[in-house]
1. Within the group A:104, A:83, A:113, which residue is in contact with a helix residue (DSSP H, G or I) (Cβ under 6 Å, 6 or more places away or on another chain) and surrounded by 19 or more Cβ atoms within 10 Å (Cβ to Cβ)?
2. Pull out all pairs, ordered by first then second residue, where Cβ-Cβ is under 7 Å, the residues are six or more apart or on different chains, the first lies in the stretch A:176-194 and is facing chain B (nearest Cβ under 8 Å), and the second is surrounded by fewer than 19 Cβ atoms within 10 Å (Cβ to Cβ) and modelled with pLDDT of 75 or more.
3. Considering each residue of the stretch B:245-267, count those that are part of a helix (DSSP H, G or I) and buried (at least 22 other Cβ atoms within 10 Å of the Cβ), and give that number.
4. Just to be sure, is residue A:380 in contact with a helix residue (DSSP H, G or I) (Cβ under 6 Å, 6 or more places away or on another chain) and under 26 Å from residue A:357 (Cα atoms)?
5. Confirm whether residue A:394 is within 14 Å of another protein chain (Cβ to nearest Cβ) and touching a helix residue (DSSP H, G or I) at 6+ places or on another chain (Cβ under 6 Å).
6. Does residue A:244 count as more than 14 Å from every other protein chain (Cβ to nearest Cβ) and either surrounded by 13 or more Cβ atoms within 10 Å (Cβ to Cβ) or out of contact with any strand residue (DSSP E or B) (no Cβ under 7 Å at 6 or more places or on another chain) (or both)?
7. Kindly provide the set of residues from the stretch B:111-164 that are out of contact with any helix residue (DSSP H, G or I) (no Cβ under 8 Å at 6 or more places or on another chain) and either away from chain A (no Cβ under 14 Å) or under 30 Å from residue B:282 (Cβ atoms) (or both), ordered by number.
8. Do we find a residue being buried (at least 23 other Cβ atoms within 10 Å of the Cβ), under 26 Å from residue A:195 (Cα atoms) and out of contact with any strand residue (DSSP E or B) (no Cβ under 8 Å at 6 or more places or on another chain) anywhere in the stretch B:339-352?
């Protein structure tokens, strides 16, 4: 059970060699010359959305950077030139040069540097002015997508970059991020298969029940569920066998970590934008966080992503510790925050094993222009400074659907409504609905043998569960030496 | 019934604890003489000025905190608790020595406590006040902090009695109330002494608080009984308060907090730090007020012995935490502890080990237990070590728990520091006012160790 492969092993070496050879034949670069690739920004595209705070603050897939663009360099280049994250570098193509900070990115080709368009704008507006670095000076009309003649020099200054996730968890200290150490690296490596359960398609076909076995592996008493091992009240407050009971399923095989769910959630739930400084202080407010983990060879890593929001534990550790009962359970199984009861001890967030609770350290909504206030979702309260907030399962939508169903004198049905993240997921990885209805999409998803609860051993009995990630990579595309096994 | 026998017991003891031929009058004059000083010593004014400026920093910082919000601190997601909670636990811990010395040592008839109990109790009161500041100001919405109280209200809302923070709140408040009563009860005979020696307005004030004490036989009987009962009530509190504080952590699910060893380990640590603080303050006071013959090296020696004991207890707890983390086979638990010792905050962990485990080992030797400059430095190191212990528990645990995707680092801001320093202003302002206006050693109890106080004085039955 400990060695679950995530990469196909057969014929790996020869094909990888062939592909490298092929690559070397196609492009020949000088020792100190780099290829520059221009990418449209995943957040602000070519710059047209640069004045949008939501898009500036959403963490970019892979790098988790916000509020800036950076020159993405490989670890090998970083080591060779002694570049640290946030180190300013000068990139020169012919007679043009730009200065911008570097960000070491696993999987970046060592002969290539990625630049993101759409930043360093000067006439954008209140938010977008001066955010990031303009890379257009290097982009010539005769070659708008890439340039092959770039040279870099490292400058003796650093620039603060705001990443929502510092640690990427590559083996040993091959990868150096701020505050990152070997100890943590090894630990992250060993946790990835626990948190983001994954295997190859072949392995899954041979062992269709491996996920379930893995979840049960260390359970002391096999006759009792994990929830019955919880130190918290083993008797749920309500009878969860009655009425609609809300639950969610997230398919990690489909998820591409695009972050659309997080933006949809921000828009639906009036989540404030806190700005670069607060992101650097670790206070971004997104209710959905995309965790990115990297394993294996830094030049060609296996990336695991996982979107994490409140999982609505039936035996929620946050609820018992709140001194004023501001976070409680509803009879339909949702862990709810009563904002105007919350006094902000933050104890719930400390005791949350998933770390999905977000605190209003400042009054982030004080200076909202009237127009922006008008743009807020009227169904969701604006939170004041000093209160905790988190995913509500879009309860306003649940209520609206319930009221409609009552008005139409019928029971609620699967598909009456969607929650915001589910609605926006382009891969349809998120299912939400009544888990008491055996025919609902979420029930069907949860019955699949890939279903598992995050940190199930804590006995929190979460309502959001995940479907394990099944990889079916073309061996020609995967790295050569890496055997991909973890434990 | 020989005089020799008496000298070999009571008198020799008395000479050790109260050297120099002292009697009731000289003790009263020496101790009551300090608050009766006509002219306040310049050193007192200097210290008081310093304390007041720290208090001003405290007031300013708290004002800014209330105005801006807890965002001015270094706390973030996932380190939702920072210096405020560290300081709270630290001050509560310091506040432990007072009741231990007063109550438990009283019940065990350890008369050597009589020279330091007033000191320790006063220190307890102000330390607990400093501690109670933090749960009040660290919350997000300070203006509704009274929701901790079980006040009947139109909302029909009630505190969540399952929350350790509520237990904590009650435990610390109970402790404060009982400590205050205990302190005040012990003070009554001395207040009467001061009343009898004062004139004019002072006489009225001391007289008001002396509650008509005359020192009659019946009054002493009632007093002794009341004192004993209060000591009995306080004794379980010494063990309960920090046990309850520790359950803030121990009842959570977070690896590194979720441990059953916390209550005894916290209590030992609290007594350790409390004695450290009593040591620091009494060394200063006996120097400034020339009270070396009342707070003697013998007393300091005994305190050092208790610090050795409790220091070894916390050392045992630290090693046991590691053992259990390994023995449990729980990888999350193991990492939490390895990360304490070898992670990015290794310096915090090893500062704690040095101050709390290594330093007290010198107290195995009498030479060091009686070396006053060494004791002074050690007593300060003890409290630095205990601060780091709470830093280790609060910050290092939270910065890396279950989900690596949410891991982060913690950087305190100037406001974390200023509020912490500010509480010293609060503490020392109160303590200096106490030194100026009240007897710092219990006059009545200091006399108890004199042979004349022994009911069998002159009638030894051996």
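1. A:104
2. If the second residue must be surrounded by fewer than 19 Cβ atoms within 10 Å (Cβ to Cβ) and modelled with pLDDT of 75 or more, the pairs left are A:179/B:344; A:179/B:409; A:181/B:344; A:183/B:338; A:183/B:342; A:190/B:331.
3. 8
4. Yes: the conditions hold for residue A:380.
5. Spelling it out, it is not the case that residue A:394 is within 14 Å of another protein chain (Cβ to nearest Cβ) and touching a helix residue (DSSP H, G or I) at 6+ places or on another chain (Cβ under 6 Å).
6. Judged against the criteria, residue A:244 is a match.
7. B:152, the sole residue that qualifies.
8. yes
The values are calculated or read from the model by the stated rules, or taken from the named source; none is laboratory data. Since we're looking at a predicted model, the values are computed, not measured. No Cβ is skipped: glycine too gets one built from the backbone with ideal geometry, and neighbour counts run over all protein chains shown.
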